[in-house]
Amino acid sequence: MMGNLKLQSLFLQLAFAFCVFISSLSFGDAGITSTFIRSEWPSIDIPLDHEVFAVPQGYNAPQQVHITQGDYEGKAVIISWVTHDEPEPNSVQYGTSDGSYEFTAEGVVTNYTFYKYKSGYIHHCLIADLKYDTKYYYKIGSGDSAREFWFRSPPKVDPDASYKFGIIGDLGQTFNSLSTLNHYMKSGAQTVLFLGDISYADRYQFNDVGLRWDTWGRFAEQSTAYQPWIWSAGNHEIEYMPYMGEVEPFKSYIHRYLTPYLASKSSSPLWYAIRRASAHIIVLSAYSPFVKYTPQWHWIHEEFERVDREKTPWLIVLMHVPIYNSNEAHFEEGDSMRSVFESLFVKYRVDVVFAGHVHAYERSYRISSVHNNVSGDHHIVPDKSAPVYITVGDGGNQEGLAGRFKDPQPEYSAFREPSYGHSTLEIKNRTHALYHWNRNDDGKKVATDAFVLRNQYWARNRRRRKLKKHIQMVIDEEMAS
Ligand SMILES: [Fe+2]
């Protein structure tokens with residue numbers, strides 16, 4: 001009799017656990033559409049004579065300095081810069097002591113034309129075999145024109161390596177862009193995950209396109225010279241401009257901003273992956289072929305197989321176009337990517353997908369439409385295996401904010417607000433990360449949306465192990481009685 005009561009109690013506990021499980025699959029709290037209205041600064045580009053665009057003094061002085069990860073694991077960086085007078089020197093001196101450079105590495109030089117604009121000499125230099133978690137100092141240029149910078153290499157790839165990423169999209173070069181960059185630089189984040197649409201130079205015509213790439217490079221240098229920016233391409237990088245004879249997609253972007261795509265066995269600089277600290281980051285191209293059998297499609301299948309959550313618990317995807325978006329702007333533009341990629345995101349339990357493109361902020365619950373096989377009906381349901389989708393296309397470019405959201409707010413949308421800002425993702429360990437979206441509030445940085453991101457692999461496994469242990473304990477007790 002006592003045994004029956006215990007069994008009833010066990011079943012009640014399991015029924016309760018089941019109810020909790022089901023309720024946790026719901027969308028949770030009603031989504032929030034923030035009513036905050038900020039007095040937006042004019043969405044105009046910073047004038048050319050502004051100090052943020054100042055050309056460094058001296059003959060052939062290096063400018064537009066930027067770095068990015070140079071390999072798969074974080075033991076290499078690519079240092080890039082532009083000189084306008086001559087292609088030499090083309091080397092980087094570097095070392096671990098300030099002002100004392102033990103090593104020298106040679107780079108490669110490229111340049112390009114765009115209409116009648118001729119780019120400067122664009123230097124790219126790979127520095128490999130870095131020590132992990134070490135501050136490096138580097139020097140480029142020569143004589144009075146030489147310039148010195150520094151960066152910190154990431155910790156060794158390790159499941160519990162803590163690391164803080166910043167997330168910025170659609171930045172441009174307006175006063176709002178400057179506000180976003182200034183706020184980001186105070187965040188303490190160590191690497192930028194950039195979501196595409198960099199300079200908005202394609203809003204200009206003829207020779208001004210190239211010139212506005214140069215101004216953006218000088219504007220962003222205050223951050224890009226000191227920490228890696230992980231690039232992804234947006235529509236403003238395409239620059240298909242046949243009226244002036246420019247039809248080669250991504251010409252400026254590919255010449256200026258290298259990515260370590262070969263290290264992840266990609267065949268294109270537009271899609272690739274890196275591992276950094278405890279994160280595996282996959283960068284996709286919304287503006288390259290991605291349907292079944294295309295190179296990008298083949299590659300992402302192979303790359304997901306290379307992900308090892310025992311080594312890099314955090315699986316993050318970057319792509320320019322959001323596949324969940326309830327803004328009037330770019331509504332449903334990501335549906336074709338959703339039909340190709342979403343099932344993979346769910347299968348491989350991606351933690352979070354960051355996108356830009358829409359000039360507003362929005363965060364989803366964990367949702368998917370992969371369980372509905374009805375063609376054309378994207379029935380979106382809660383899905384614990386799915387990523388959180390976050391749109392951070394609010395860097396602050398000259399096109400202004402996307403202020404009109406669909407009404408009513410869809411159930412999948414957790415928080416949305418049409419303001420400029422940036423996000424940070426602070427990975428604490430293999431199970432938890434802190435996420436913030438920081439609004440630019442009339443010049444002040446205000447943490448507006450925040451949540452604790454639980455790892456899709458380790459937090460779930462731990463829960464499962466804990467539940468299994470608990471059930472086994474109850475069964476053992478029952479058998480012993
Ligand atoms: Fe875009």
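The values are calculated or read from the model by the stated rules, or taken from the named source; none is laboratory data. Owing to the predicted nature of the structure, the values given are computational and were not obtained by experimental measurement. Using ideal geometry, Cβ is built from the backbone for each residue, glycine included, and neighbour counts are taken over all protein chains shown.
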In the range 385-423, anything polar (S, T, N, Q) and surrounded by 20 or more Cβ atoms within 10 Å (Cβ to Cβ) is listed as THR391, ASN397, SER413, SER419, SER423
Here the residues within the range 173-195 that are in a loop (DSSP other than H, G, I, E, B) and not basic (Lys, Arg) are GLN173, SER187, GLY188, ALA189, GLN190, LEU195
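For the range 383-419, what are the residues that are small (Gly, Ala, Ser) and either free of Cβ contacts under 8 Å to residues at least 60 places away in the same chain or within 16 Å of the ligand (Cβ to nearest atom) (or both)?
ALA386, GLY393, GLY395, GLY396, GLY400, ALA402, GLY403 - these are the residues of the range 383-419 that are small (Gly, Ala, Ser) and either free of Cβ contacts under 8 Å to residues at least 60 places away in the same chain or within 16 Å of the ligand (Cβ to nearest atom) (or both).
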Scanning the range 271-326 for residues that are surrounded by fewer than 24 Cβ atoms within 10 Å (Cβ to Cβ) and of a type in the set (Lys, Arg) gives ARG275, LYS292, ARG306, ARG309, LYS311
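Listed here are the residues, each with its yes/no results for (1) crowded, with 23+ Cβ neighbours inside 10 Å; (2) of a type in the set (D, E, K, R).
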| residue | (1), (2) |
| --- | --- |
| PRO155 | no, no |
| ASP160 | no, yes |
| ASP202 | no, yes |
| TRP213 | yes, no |
Scanning the range 168-214 residue by residue, those more than 15 Å from the ligand (Cβ to nearest atom), β-branched (Val, Ile, Thr), under 28 Å from ALA273 (Cα atoms) and touching a residue at least 40 places away in the same chain (Cβ under 8 Å) turn out to be THR180, THR191
Residue match in the range 298-317 (condition: away from the ligand (no atom under 16 Å from the Cβ) and farther than 26 Å from ASP158 by Cβ):
yes
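Let me confirm something: among TYR132, TYR137, which residue is in a strand (DSSP E or B) and more than 16 Å from the ligand (Cβ to nearest atom)? Before the answer, list the steps.
Details: TYR132 fails: in a strand (DSSP E or B).
Testing whether each residue is in a strand (DSSP E or B) and more than 16 Å from the ligand (Cβ to nearest atom) leaves just TYR137.
Would you check if LYS347 is modelled with pLDDT of 95 or more, in contact with a strand residue (DSSP E or B) (Cβ under 9 Å, 6 or more places away or on another chain) and surrounded by fewer than 22 Cβ atoms within 10 Å (Cβ to Cβ)?
no
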Within the range 326-338, restricting to residues that are touching a residue at least 60 places away in the same chain (Cβ under 8 Å) and either in a helix (DSSP H, G or I) or away from the ligand (no atom under 12 Å from the Cβ) (or both), the one that is farthest from the chain's Cα centre (by Cα) is GLU328
Of the candidates ASN455, ASN397, the one satisfying the condition of being at pLDDT 95 or above and under 26 Å from TRP229 (Cβ atoms) is ASN455
Q. Within the bounds of the range 273-281, is there any residue that is within 16 Å of the ligand (Cβ to nearest atom) and assigned to a loop (DSSP other than H, G, I, E, B)?
A. no
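Taking the range 60-104 only, how many residues are in contact with a Cys (Cβ under 6 Å, 6 or more places away or on another chain) and either surrounded by fewer than 17 Cβ atoms within 10 Å (Cβ to Cβ) or under 17 Å from SER145 (Cα atoms) (or both)?
Of the residues in that region, 1 qualify.
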By residue number, the members of the range 225-240 that are hydrophobic (A, V, I, L, M, F, W, C) and either more than 16 Å from the ligand (Cβ to nearest atom) or closer than 30 Å to ALA277 by Cβ (or both) are ALA225, TRP229, ILE230, TRP231, ALA233
Any hit, the range 371-381, residues being modelled with pLDDT under 95, surrounded by 16 or more Cβ atoms within 10 Å (Cβ to Cβ), of a type outside the set (Ser, Thr, Tyr) and in a strand (DSSP E or B) | yes
